[in-house]
Amino acid sequence: MDLNTIWFLLVGVLIVGYAILDGFDLGAGVISLFLRDPREKRLCMKAIAPVWDGNEVWLLTAGGALFAAFPPVYAAVFSGFYIAFVLLLVALIFRAVSLEFYGKVDSVRWHYAWGWAFGLGSLVAAILFGVAFGNILRGLPIDSKGEFTGTFLGLLNPYALSVGVLGLAMFIMHGGAYLALKTDGELRERMHSWAMGGWAALAVLYIPVTFFTLTTSPFLFEKLSQNMLFYLALIPLLVSIPCVPAALTGRRYGRAFVASAATIASMIAMAGISLYPMLVPSRLYPSFSLTIYNASSTPLTLKVMFIIAAVGVPVMLVYTAYVYRVFRGTVRHSDEGY
């Protein structure tokens, strides 16, 4: 396995890590939009408050890895998604500020305003993540120089929006399972229903969106049936999807969360296997696509960055595991904290 492929895998692992870890707190934020009791909104925030910022480190690290290993891809994607990334940044800032400000003033209007900021910021970020992913699967208008030639409105095409809705259902399932794990009583029962509803939406949408992918981007399916790695990702997906409602029905919320995480990881892995060795397919002409070979840094850069990643990623994993261990258990109503 060459360094280019190793970096493709590393960037993929970071994206999967972000989708699993930040996916549940985005889902929790979307669910909070439908909670009328300010105390319940506050519980949603308290459930994710100790971990949300650490979760987003995975997104920053993925962006940094992309910049270091595949700079032409970073340039094309960030210039093409410029407005979308600004919207994402605004949404994430509103989430962060609302988490800090919500409990600072004992006022109904104050809670109402920051509760909506938290929920809408989560909703916009969750949809944008799926829409961006859908556009990568569809292919971008990349020219022979590797430059993006499209517009922001062109990114809002029906296929990318359908992937955005599928991603939203996935995050709601994941967020509902996490909140069911972190709460108790009547609120836990409602989170149970949200997780089950998100799973049902995901199950219903998955087949038509897959068919849509087949008609929109047939190149993703070329020689896929001959690739054993595809089946290694497909089998966990087929196992984990039915495990989510089975675990929820048995009130085993830890297992439901793990099954939900496995579903997310399998879906992204299947997409990555379909793309390889492309990173950004070109819709203008296939040979214009940016791959791990024509868009990579020098071998020396890849080697040096790999040594840095070999040290940094384990540290990030240990830190993440430590934070989740410290803040394990259910959250309760109190005036302290968030």
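Exactly one residue among Gly167, Gly139 is open to solvent by less than 20 Å² (accessible area, probe 1.4 Å), in contact (Cβ under 8 Å) with a residue 24 or more places away in the chain, in contact with a strand residue (DSSP E or B) (Cβ under 8 Å, 6 or more places away or on another chain) and within 30 Å of Thr291 (Cβ to Cβ), and that residue is Gly139.
Among the residues making up region 71-102, a single one is more than 18 Å from the chain's Cα centre (by Cα), over 19 Å from Gly29 (Cβ atoms), modelled with pLDDT under 85 and open to solvent by less than 20 Å² (accessible area, probe 1.4 Å): Gly80.
Here Ala321, Ala262, Ala256 are screened, and the one residue that is without any contact (Cβ under 8 Å) to a residue 40 or more places away in the chain, over 30 Å from Leu140 (Cβ atoms) and among the small types (Gly, Ala, Ser) is Ala321.
Return yes when Phe212 is open to solvent by 20 Å² or more (accessible area, probe 1.4 Å), within 26 Å of Phe230 (Cβ to Cβ), modelled with pLDDT under 90 and assigned to a helix (DSSP H, G or I) and no when it is not. When the stated conditions are applied, Phe212 does not pass them. Which residues, counting only those in region 268-293, are over 25 Å from Ser225 (Cβ atoms) and surrounded by fewer than 15 Cβ atoms within 10 Å (Cβ to Cβ)? Of everything in region 268-293, just one residue is over 25 Å from Ser225 (Cβ atoms) and surrounded by fewer than 15 Cβ atoms within 10 Å (Cβ to Cβ), namely Tyr285.
Each row is one residue, and each column tells you yes or no for (1) among the hydroxyl-bearing types (Ser, Thr, Tyr); (2) more than 30 Å from Gly250 (Cα to Cα); (3) open to solvent by less than 60 Å² (accessible area, probe 1.4 Å); (4) in contact with a Ser or Thr (Cβ under 8 Å, 6 or more places away or on another chain).
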residue: Phe118; (1), (2), (3), (4): no, yes, yes, yes
residue: Phe133; (1), (2), (3), (4): no, yes, yes, no
residue: Gly154; (1), (2), (3), (4): no, yes, yes, no
residue: Met173; (1), (2), (3), (4): no, no, yes, yes
residue: Glu189; (1), (2), (3), (4): no, no, no, no
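Quick one: which of Asp37, Asp2, Asp106 is closer than 17 Å to Met305 by Cβ, of a type outside the set (Val, Ile, Thr) and surrounded by fewer than 17 Cβ atoms within 10 Å (Cβ to Cβ)? Sole residue among the options that is closer than 17 Å to Met305 by Cβ, of a type outside the set (Val, Ile, Thr) and surrounded by fewer than 17 Cβ atoms within 10 Å (Cβ to Cβ): Asp2. Counting the residues of region 265-281 that are without any contact (Cβ under 8 Å) to a residue 40 or more places away in the chain and more than 17 Å from the chain's Cα centre (by Cα) gives 1.
Conditions (1) among the charged types (D, E, K, R); (2) in contact with a helix residue (DSSP H, G or I) (Cβ under 6 Å, 6 or more places away or on another chain); (3) modelled with pLDDT of 90 or more; (4) in a helix (DSSP H, G or I), marked per residue:
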| position | (1), (2), (3), (4) |
| --- | --- |
| Gly12 | no, yes, yes, yes |
| Ile15 | no, yes, yes, yes |
| Ala19 | no, yes, yes, yes |
| Asp22 | yes, yes, no, yes |
| Asp25 | yes, yes, no, yes |
| Gly29 | no, yes, yes, yes |
| Arg36 | yes, no, no, no |
| Cys44 | no, yes, no, yes |
| Pro50 | no, no, no, no |
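Candidates Ala65, Ala117: the one that is farther than 14 Å from Arg42 by Cα and either more than 15 Å from the chain's Cα centre (by Cα) or at pLDDT 90 or above (or both) is Ala65.
Filtered by the rule that a residue be over 30 Å from Val239 (Cα atoms), of a type in the set (Phe, Trp, Tyr) and assigned to a loop (DSSP other than H, G, I, E, B), region 260-302 gives Tyr285, Tyr293.
Of all residues in region 90-116, those that are of a type in the set (A, V, I, L, M) and over 17 Å from Glu56 (Cβ atoms) total 3. Arg42 meets all of the listed conditions (1) under 19 Å from the mean Cα position of the chain (by Cα); (2) buried (at least 22 other Cβ atoms within 10 Å of the Cβ); (3) among the charged types (D, E, K, R) but one, namely (1).
Pairs meeting the criteria (first residue in region 232-249 and open to solvent by 40 Å² or more (accessible area, probe 1.4 Å), second residue among the charged types (D, E, K, R), beta carbons under 8 Å, at least 6 apart or on different chains) are Cys243/Arg255.
Any chance region 231-250 includes a residue that's part of a loop (DSSP other than H, G, I, E, B) and either under 21 Å from Gly167 (Cα atoms) or modelled with pLDDT of 90 or more (or both)? Yes; the residues of region 231-250 include at least one that is part of a loop (DSSP other than H, G, I, E, B) and either under 21 Å from Gly167 (Cα atoms) or modelled with pLDDT of 90 or more (or both). Considering only residues in region 294-338 that are of a type in the set (S, T, N, Q) and open to solvent by less than 40 Å² (accessible area, probe 1.4 Å), the one that is modelled with the lowest pLDDT turns out to be Thr320.
The values are calculated or read from the model by the stated rules, or taken from the named source; none is laboratory data. What you see is a predicted model; the values in this text were computed from it and never measured. Here the Cβ is made from the backbone with ideal geometry for all residues, glycine too, and neighbour counts use every protein chain on show. Surface accessibility is based on the protein's heavy atoms, side chains included, excluding ligands, DNA and RNA. Shrake-Rupley method; radii C 1.70, N 1.55, O 1.52, S 1.80 Å.
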